[in-house]
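One structure is given here, and the rest of the page talks about it.
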Amino acid sequence: MTVGDAVVTAVRVVGVHWRTWLRTAVMLQVLAGLVAGPVIVLLLRAALATAGVPALTEASIGQLVRHPPAVLLLMLLAGVATTAALVQHAAFVLLGRALFEGRIPRIRELAADGLAVARGLVGPHLGLVALYVFVLVPLGGLQLGASLARGIELPPFIAGELQKTPLGTSVWLVGYAAVLLVNLRLAFVPVLLTTGTPPAAAFSASWRLSRRRVAGLAALAAALWLGAAVVTGGLMLVTVGLARVMDAVWPPAAPVVAVSALAAAQALLVVGGGLLAGFVSVVLLALSGAIAGPGPAPTAPAGRRLAAGALALLLAGGAVNATALLAAGSGRTTAVVAHRGDTYGAVENTLESLEAAATLGADVVELDVLQAADGGLVVVHDTNLRRIAGVNREVAAMTTAELTATTVRQGDHVGTIPTFEAFAARAAELGVPLLVELKSHGREHGDLVGDVVAVLEQHDLVEGSLVQAFDRETVTEIESRFPEVTTGWVVAFSRGRLDPGVADFVTMEQTSYSPAVLRQAHAAGVAVYLWTVTDPVRMRVFIRDGVDGLITGDPRSALHERSAVDGEAGVADRLADTLRALADW
């Protein structure tokens with residue numbers, strides 16, 4: 001069967017049984033949210049408590065793995081999450097097969113059959129399935145039917161760093177294309193797993209089944225993405241347009257309209273996602289040979305009351321989430337921190353990037369400090385100069401004079417590596433506070449922390465400036481020796497309760513952020529900065545939340561978005577950003 005024939009079959013099946021697909025999608029969403037989600041949260045909290053750590057971070061992983069009970073709990077967590085995702089995937093496949101047999105199964109039957117599929121995968125191969133479900137599929141953006149995998153993404157700063165050079169951009173594009181290709185080649189894995197095929201055999205069989213269908217599957221994926229974008233865009237146009245009209249004509253009623261529209265939009269997105277997942281499932285069933293025609297029409301739909309209750313619960317949950325639209329502003333001013341200066345106007349971490357950021361009006365300029373071989377302090381991010389200067393030399397092996405004589409290039413811009421003293425002197429002249437990040441190449445000597453603080457003191461930059469580091473021992477050292485310095489801990493990944501330690505602020509990678517984390521931090525008197533934020537929608541959301549600072553490679557946009565948020569008068573803009581976040585735009 002060709003991809004075109006499979007599409008025709010899927011349209012007929014989903015068209016005839018669309019109510020059944022909707023009931024299944026709504027029920028699976030509710031079950032995942034009310035059962036699997038809370039269990040996963042409880043297991044994570046239990047694992048962290050067992051190991052005596054408040055959160056799962058890159059700094060606490062070592063402590064976690066030294067506690068066997070915590071490791072077992074994390075393994076159980078992974079098993080529960082994988083099982084729940086498999087049940088969601090399998091339910092759509094099993095439903096499609098059942099419809100072709102002329103019957104409509106109840107949600108309990110689908111869940112039981114899905115659990116049976118998951119039980120059959122328990123063993124060493126379950127890790128392989130988990131990598132497929134929670135790494136490969138989300139990175140390809142193809143997590144249809146598995147709500148637990150939504151939100152999993154490659155941290156934006158990784159793509160941002162790669163795309164700073166032509167070579168890095170090429171690597172990024174090739175890597176993303178490879179991920180998409182592998183996703184298409186393994187598209188039949190969920191279907192094959194429901195037949196009892198072992199994971200390794202399912203991967204191999206899917207690779208064979210998709211050998212001559214890659215182009216057709218790619219075209220189908222592109223068409224579905226385009227169609228979903230058009231429908232979602234239309235939904236946003238209608239709901240946001242209505243909110244804008246109410247903002248202008250009848251402001252008191254605008255919040256009620258916005259809350260109602262958002263609750264309905266959330267339900268419609270779940271429903272639309274369910275129909276789309278059902279459509280894709282039938283296409284894959286047809287292409288795999290598991291079904292050959294539309295099948296007999298079932299007679300009695302099942303679970304109507306239960307599905308109606310689930311839909312009502314979904315709408316109620318959406319309404320609760322939507323009430324955030326009514327919240328007043330935080331009253332805080334979010335600082336715009338230029339990441340390595342203004343890198344659109346000059347090479348990163350140069351005096352020119354500092355001056356360009358000051359000209360834009362950035363509140364703070366972030367920079368990276370490394371120690372040279374002779375103990376001097378230079379402003380440069382990478383420990384090797386290959387990316388920024390095109391020479392394969394380590395910073396730790398070069399003197400201050402050699403480093404400051406090195407030409408650095410980025411795009412059309414050219415500059416030289418400055419000393420930290422020169423950078424601080426120019427910042428003092430410009431009146432720009434600094435966010436100094438202490439970098440390490442592993443060969444430091446002398447008093448690095450003391451030397452950095454001495455430069456800040458020399459130029460009267462201690463007050464208003466900040467110093468941060470990934471290493472918690474370094475943060476503790478700064479706080480103990482120089483309590484007058486505002487000190488921060490940089491966190492690349494965090495899940496659990498915030499633990500800033502002795503730090504005055506926490507700099508988090510944006511994908512680890514949540515409003516709950518911000519509330520915890522502010523309750524403890526700790527500020528929160530997010531890096532590296534370049535998406536305008538996220539900028540506006542974080543600014544409305546009252547995040548203390550945005551570390552961004554695009555300070556011009558951040559300043560513009562902050563002004564836009566400050567000038568908001570109604571709810572339409574907030575509604576638009578919330579809808580974009582729901583649709584992952």
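Here are the numbers for the structure shown:
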read-out: Selection from region 347-356 of residues that are out of contact with any His (no Cβ under 9 Å at 6 or more places or on another chain) and either under 12 Å from Gly431 (Cα atoms) or crowded, with 24+ Cβ neighbours inside 10 Å (or both); value: Leu354, Glu355
read-out: Residue satisfying condition, being surrounded by 14 or more Cβ atoms within 10 Å (Cβ to Cβ), assigned by TED's automatic domain parsing to the domain that holds Leu94 and closer than 30 Å to Arg211 by Cα, within set Val30, Val39, Val13; value: Val13
read-out: Region 478-504, subset within 17 Å of Pro54 (Cα to Cα) and part of a strand (DSSP E or B), residue farthest from the chain's Cα centre (by Cα); value: Trp489
read-out: Hits in region 384-407 (condition: touching a Gly at 6+ places or on another chain (Cβ under 8 Å) and either outside any helix (DSSP H, G or I) or free of Cβ contacts under 8 Å to residues at least 12 places away in the same chain (or both)); value: Thr399, Thr407
read-out: Qualifying residue in region 424-437 (condition: part of a strand (DSSP E or B), modelled with pLDDT of 95 or more and touching a helix residue (DSSP H, G or I) at 6+ places or on another chain (Cβ under 7 Å)); value: yes
read-out: Subset of region 99-112 [touching a residue at least 40 places away in the same chain (Cβ under 8 Å) and assigned to a helix (DSSP H, G or I)]; value: Leu99, Phe100, Ile107, Leu110, Ala111
read-out: All positions within region 465-489 that are touching a residue at least 24 places away in the same chain (Cβ under 8 Å) and farther than 19 Å from Asp368 by Cβ; value: Thr476, Glu479, Arg481, Phe482
read-out: Region 543-585 - residue that is among the polar types (S, T, N, Q) and either touching a residue at least 40 places away in the same chain (Cβ under 8 Å) or under 30 Å from Val271 (Cβ atoms) (or both) and, of those, surrounded by the most Cβ atoms within 10 Å (Cβ to Cβ); value: Thr552
read-out: Residue check for Val93: assigned by TED's automatic domain parsing to the domain that holds Leu186 and under 15 Å from Pro198 (Cα atoms); value: no
read-out: Gly120 at pLDDT 80 or above and either out of contact with any Leu (no Cβ under 6 Å at 6 or more places or on another chain) or among the basic types (Lys, Arg) (or both); value: yes
read-out: Test: residue in region 48-64 that is polar (S, T, N, Q), surrounded by fewer than 16 Cβ atoms within 10 Å (Cβ to Cβ), at pLDDT 85 or above and on the phi < 0 side of the Ramachandran plot; value: yes
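Yes/no matrix, rows are residues, columns are (1) under 28 Å from the mean Cα position of the chain (by Cα); (2) not in a helix (DSSP H, G or I):
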{"position": "Arg409", "(1), (2)": "no, yes"}
{"position": "Glu421", "(1), (2)": "no, no"}
{"position": "His445", "(1), (2)": "no, yes"}
{"position": "Val449", "(1), (2)": "no, no"}
{"position": "Gln468", "(1), (2)": "yes, yes"}
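The values are calculated or read from the model by the stated rules, or taken from the named source; none is laboratory data. Since the model is a prediction, treat every value here as computed from it, not as a measurement. Don't worry about glycine lacking a Cβ; one is built from the backbone with ideal geometry, like all the others, and counts go over all protein chains shown.
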